[in-house]
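Worksheet: one structure, shown below.
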Amino acid sequence: MPPAIRVGIDTGGTFTDVVAVDERTGRLVTTKTPSTPADPAQGFMTGLHRILDRIGAGADDVEAISHGTTVATNRLLEGKIDDLGFITTEGYEHILEIARQSVPDGYGNSYFWVKPPRIVPADRVRTVGGRLAFDGSEIRPFDEDDAVAAARFFRDRGISAIGVCFLHAYADPRHEQRMRDVLAREHPSASVSISSQVLREYREYERSVTTLVDAAVKPAIATYVRGIRDRLAGVTSGESVAFYVMKSNGGVLSADEVVDQPISTVLSGPAAGALGAAVIADAAGFDRVLTLDGGGTSTDVTVVLDGKPALTTEGSVGAYPSKIPMIDVVTVGSGGGSIAWISPERTLKVGPRSAGADPGPMCYGTGGREPTVTDAHVLLGRLPPGLLGGAITLDVEAARRGIQALAAELDLDLERCAAGIIEIAAWNQANALRRITVSRGLDVRDFTLVTFGGSGSLAACRLLDVLGLASVVVPRDPGNLSAYGLLTVDVRNDYVRTAVARHDALDVAAVARIFDDLQAEAGAVLAREGFDTAQQRFVRTADLRYVGQAFEVRVDVPAGPLTPAATNAVAAAFHDEHRTLYGYDFRNDQRQPVEWVNLRVTGVGPIRRPEIAEIAPGGGAEASSLRPVYFDAWTDTAVFDRAALGAGDVVPGPAVIEEFGSTLPLYPGFQAVVDRFGNLIITRGPA
């Protein structure tokens, strides 16, 4: 029979999560394995072999693998961008230093803010003569001699990752393409990114940095993907397995294509989790959702409206702005491995430093020397004696020693110190959820929270209380939801072109031609991915603003022929969206004309989603055991095996609900109801 197993593998900082579905039977299985930061591909292959053993299949039965990787993200966050050069237009060598005048949130006075180091130091910037106008017309010709000198400069110094960003290359890429040709001839070993391929959009600083980020991660991504490809080829026979990599825009792309778009993989792990949660929440009947992905190192939170996670092109990775489309994720350094410590002011702090997978929390017994959030939960009895079905034995005494040292310094008893660590971690997560709602004009109380990830559900009850939520949803296998999300996403590519024009003087035919060009680009990539014309779908959007504004609002452009009536409908939608976001619009003010800025096309190749199976009705929840757990005091608490719960079962708090990859401490005064899909719906219990 033809291969029919699809696998999702999400590599996190602490664990690698794996999900497999058999397309013939609909059977879905999950597993986890410790990540291997020194060689992420090793953890990838270990997870693949383990999941195939669980589903009873061989490597030749695998049809496709979708992978979420943090290789690009980690390279940026760890500052591993030393071997990087920059080529720009003559006279603009200081564009990275000038940057933007804005000061990040949290610094009320710019005097206290220190500008981070530029991504490329001044001595690795070279300029080339030649100049284009904003409309793409040539003011000065491209200087071939300057280009050769720049290429040889980087070649002679062994700088092999190079970003090229010329002024107004979004309007016409020919100067950048000639620079790329010179580099290919003079410095053939260089890995080159040009802005007209990475981001064909105006705003020179953001376009420059986005291009340089792409150049910085390209060699590492290429090496990583090639390594996995080689390992997969070594365990399969016949045709190679279809291998997809998750993108930050909420889609996947084949490994062969992603090597040319490495920046698109930045923050791809959080994107997969948000999409998986969106699918689960939509099936369960929740259309306004906050997602919380709690891992070992950090927590990622996202807003989902009507089944679609919010997108942004104003994101950043660490200190570097990125204009590529990405799911709007806010990350906070609060996870199961977050380290508890005492500040110089003698106050208790949690995170952002993490014990990660190596050495891990103290209770893992693998060399950790600082207490973590996981250690606090272990000490208070909220976690089982072993994780992952007993594969990781937890050392309660090691956790006790670490927290006892903190408690002594703070003059607290042991339980209060551990509870304080958990409380601070929960408030860190709550503040992240407020940041994506309250600070954007949304009422957090209007949303349902979906928690997942290995540590995501540990503070579910506290978050429900702190934020005033009506309910929290904990999906089945929450520790593997990001890997499940990898199986639910389509192939997706984004294309953009800046074309600034006032709406009252819009050349509709010119706009239609640009949309057609972008759609042709998207269609060509989808065809290479194996999607015929009938399968391809395209979504058009445009960024509009009022003349004089600095930033734009994105609205949908209807499908079909672009007519004056259609563009007027787009302008009307812009007025509506502007009022929704900012509370006002200038629909009836002729002094405030509308301006079109960027035109966008997203090409989509649909991929089958696994069916969400319903579970059998329950016969009443029965505890599997009792153990002492500390909430407000030590109490003999009922422990439930989640796999034994059926639809309609109700678990009252205090309780602990355990499963293979995650644990839910259910606080006193709360209850969990199992819905027909096996989700736990947490609410405040009856008075």
Report task. Could you please give the count of residues in the range 572-629 that are open to solvent by less than 80 Å² (accessible area, probe 1.4 Å), in a loop (DSSP other than H, G, I, E, B) and among the acidic types (Asp, Glu)? Result -> 2
Query raised in the report: Among (1) out of contact with any His (no Cβ under 9 Å at 6 or more places or on another chain); (2) open to solvent by less than 60 Å² (accessible area, probe 1.4 Å), where does Asp636 come up short?
Result: (2)
Requested in this report: State whether the residues of the range 529-549 include one that is buried (at least 16 other Cβ atoms within 10 Å of the Cβ) and among the acidic types (Asp, Glu).
Outcome: yes
**Report entry** Residue check, Asp260 assigned to a loop (DSSP other than H, G, I, E, B) and either of a type in the set (D, E, K, R) or open to solvent by 20 Å² or more (accessible area, probe 1.4 Å) (or both)
**Finding:** yes
Requested in this report: Quick one: in the range 639-673, of everything that is open to solvent by less than 10 Å² (accessible area, probe 1.4 Å) and hydrophobic (A, V, I, L, M, F, W, C), which residue is nearest to Ala621 (Cα to Cα)?
Outcome: Val651
Query - Qualifying positions in the range 449-474 - over 16 Å from Arg288 (Cα atoms) and in contact with a Ser or Thr (Cβ under 9 Å, 6 or more places away or on another chain) - result: Phe452, Gly453, Gly454, Ser455, Gly456, Ser457, Leu458, Ala459, Ala460, Leu463
Query raised in the report: Among the residues of the range 406-415, how many are surrounded by 14 or more Cβ atoms within 10 Å (Cβ to Cβ), part of a helix (DSSP H, G or I) and without any contact (Cβ under 8 Å) to a residue 60 or more places away in the chain?
Result: 2
Query - Lone qualifier among Asp172, Asp135 - being touching a Leu at 6+ places or on another chain (Cβ under 8 Å) and of a type in the set (Asp, Glu) - result: Asp172
Query raised in the report: So, in the range 123-148, of the ones that are open to solvent by 80 Å² or more (accessible area, probe 1.4 Å) and assigned to a helix (DSSP H, G or I), which residue ends up farthest from Val500 (Cα to Cα)?
Result: Asp123
Requested in this report: Read through the list (1) crowded, with 23+ Cβ neighbours inside 10 Å; (2) in a loop (DSSP other than H, G, I, E, B); (3) touching a helix residue (DSSP H, G or I) at 6+ places or on another chain (Cβ under 7 Å), then give the number of the only condition that Thr297 fails.
Outcome: (3)
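Quick grid of which residues meet (1) among the hydrophobic types (A, V, I, L, M, F, W, C); (2) open to solvent by 40 Å² or more (accessible area, probe 1.4 Å); (3) modelled with pLDDT of 90 or more; (4) within 30 Å of Val217 (Cα to Cα):
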| residue | (1), (2), (3), (4) |
| --- | --- |
| Ser316 | no, yes, no, yes |
| Tyr320 | no, no, no, yes |
| Asp328 | no, no, no, yes |
| Lys349 | no, yes, yes, no |
| Pro359 | no, yes, no, yes |
| His377 | no, no, yes, no |
| Leu383 | yes, no, yes, no |
| Ala399 | yes, no, yes, no |
Query - Residues (in contact with a His (Cβ under 8 Å, 6 or more places away or on another chain) and charged (D, E, K, R)) located in the range 244-272 - result: none
Query - Some residue of the range 506-520 being under 28 Å from Ala274 (Cα atoms), out of contact with any Asp or Glu (no Cβ under 9 Å at 6 or more places or on another chain) and part of a helix (DSSP H, G or I) - result: yes
**Report entry** Given (1) closer than 23 Å to Val496 by Cα; (2) touching a strand residue (DSSP E or B) at 6+ places or on another chain (Cβ under 8 Å); (3) not aromatic (Phe, Trp, Tyr), number of the condition Pro219 does not satisfy
**Finding:** (1)
Report summary line: By residue number, the members of the range 550-599 that are β-branched (Val, Ile, Thr) and free of Cβ contacts under 8 Å to residues at least 24 places away in the same chain are Val555, Thr580
Report task. Within the range 634-676, track down each residue that is touching a residue at least 40 places away in the same chain (Cβ under 8 Å), of a type in the set (Asp, Glu) and not in a strand (DSSP E or B). Result -> Glu659, Asp675
Query - In the range 170-186, the residues that are of a type in the set (A, V, I, L, M), at pLDDT 95 or above and buried (at least 17 other Cβ atoms within 10 Å of the Cβ) - result: Met179, Val182, Leu183
**Report entry** All positions within the range 179-208 that are outside any helix (DSSP H, G or I), of a type outside the set (S, T, N, Q) and either more than 22 Å from Leu96 (Cα to Cα) or free of Cβ contacts under 8 Å to residues at least 60 places away in the same chain (or both)
**Finding:** His187, Pro188, Ala190, Val192, Ile194
Report summary line: Scanning the range 203-227 residue by residue, those surrounded by 24 or more Cβ atoms within 10 Å (Cβ to Cβ) and small (Gly, Ala, Ser) turn out to be Ser208, Ala215, Ala216
Query - Top-ranked residue of the range 14-40 - restricted to ones that are among the small types (Gly, Ala, Ser) and either surrounded by 21 or more Cβ atoms within 10 Å (Cβ to Cβ) or touching a Cys at 6+ places or on another chain (Cβ under 8 Å) (or both), ranked as modelled with the highest pLDDT - result: Ala20
Query - Residue satisfying condition, being over 29 Å from His175 (Cβ atoms) and either at pLDDT 85 or above or among the small types (Gly, Ala, Ser) (or both), within set Gly43, Gly91 - result: Gly43
Query raised in the report: Among the numbered criteria (1) open to solvent by less than 30 Å² (accessible area, probe 1.4 Å); (2) farther than 27 Å from Ala542 by Cβ; (3) polar (S, T, N, Q), which single criterion is violated by Ser160?
Result: (1)
Query raised in the report: Going by the conditions given, is Phe153 hydrophobic (A, V, I, L, M, F, W, C) and touching a strand residue (DSSP E or B) at 6+ places or on another chain (Cβ under 7 Å)?
Result: yes
Report task. Evaluate the range 331-339: report whether one residue or more is open to solvent by 10 Å² or more (accessible area, probe 1.4 Å), of a type in the set (A, V, I, L, M, F, W, C), outside any loop (DSSP other than H, G, I, E, B) and more than 22 Å from Gly351 (Cβ to Cβ). Result -> no
Report summary line: For the range 445-470 the number of residues that are over 21 Å from Arg382 (Cβ atoms), in contact (Cβ under 8 Å) with a residue 60 or more places away in the chain and among the small types (Gly, Ala, Ser) is 1
Query - Single unsatisfied condition, Ala459 versus (1) at pLDDT below 90; (2) surrounded by 17 or more Cβ atoms within 10 Å (Cβ to Cβ); (3) under 28 Å from Pro37 (Cβ atoms) - result: (1)
Query - the range 47-76 residues that are touching a residue at least 24 places away in the same chain (Cβ under 8 Å) and open to solvent by 10 Å² or more (accessible area, probe 1.4 Å), paired with ones that are part of a helix (DSSP H, G or I) and not aliphatic (A, V, I, L, M) (beta carbon under 6 Å, 6 or more apart) - result: Thr70/Gly269; Val71/Tyr224
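The values are calculated or read from the model by the stated rules, or taken from the named source; none is laboratory data. Only a predicted model underlies this, so the values are computations on that prediction, with no experimental measurement involved. No Cβ is skipped: glycine too gets one built from the backbone with ideal geometry, and neighbour counts run over all protein chains shown. Each accessible area value is taken on the protein alone, full model and side chains, heavy atoms only, with ligands, DNA and RNA left out. Shrake-Rupley method; radii C 1.70, N 1.55, O 1.52, S 1.80 Å.
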